[in-house]
Amino acid sequence: MGKKDRHTPRTAFVTLRDLPGTRVMFWLVTDCPYCGGQHLHPAGNLRSADPGDTLGEHAASCNPERRYVLTLPPRPSRKRGKEARRKERRAGRMSDLDE
């Protein structure tokens with residue numbers, strides 16, 4: 001690990017949670033890239049704030065000298081074989097009708 005890698009902020013995937021009984025929202029870091037623990041970062045008010053505005057670079061709660069970038073986890077990719085399976089079924093139906 002080079003010297004430059006130690007100072008670049010790491011990526012932390014977050015989920016949006018609300019505090020029960022209040023209108024406050026938090027970003028929950030489930031796996032901190034530095035300590036492996038869970039951390040909370042305020043995301044704003046439930047009614048007036050856009051929580052997406054608070055994503056970005058933040059200081060880590062476990063060590064304020066280190067920073068990480070709060071981002072949403074990537075969406076799972078679509079299954080590529082679904083269209084191929086549909087074409088096979090359609091071709092099978094057409095061949096049954098031809099016979």
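The values are calculated or read from the model by the stated rules, or taken from the named source; none is laboratory data. Predicted, not measured: the structure shown is a model, and the values here were computed from it. All Cβ positions, glycine included, derive from the backbone under ideal geometry; neighbour counts span all protein chains shown.
Which residues, counting only those in the range 56-87, are basic (Lys, Arg), loosely packed, with under 10 Cβ neighbours inside 10 Å and under 19 Å from VAL29 (Cβ atoms)?
Once the filter is applied, which keeps residues that are basic (Lys, Arg), loosely packed, with under 10 Cβ neighbours inside 10 Å and under 19 Å from VAL29 (Cβ atoms), the range 56-87 yields only ARG75.
Condition check ((1) in contact (Cβ under 8 Å) with a residue 12 or more places away in the chain; (2) out of contact with any helix residue (DSSP H, G or I) (no Cβ under 9 Å at 6 or more places or on another chain)) across all residues:
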{"position": "VAL29", "(1), (2)": "yes, yes"}
{"position": "PRO42", "(1), (2)": "yes, no"}
{"position": "GLU57", "(1), (2)": "yes, yes"}
{"position": "GLY81", "(1), (2)": "no, yes"}
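So is MET1 part of a helix (DSSP H, G or I) and at pLDDT below 90 or not?
Details: part of a helix (DSSP H, G or I): no; at pLDDT below 90: yes.
Here the answer is no, as MET1 does not meet what is asked.
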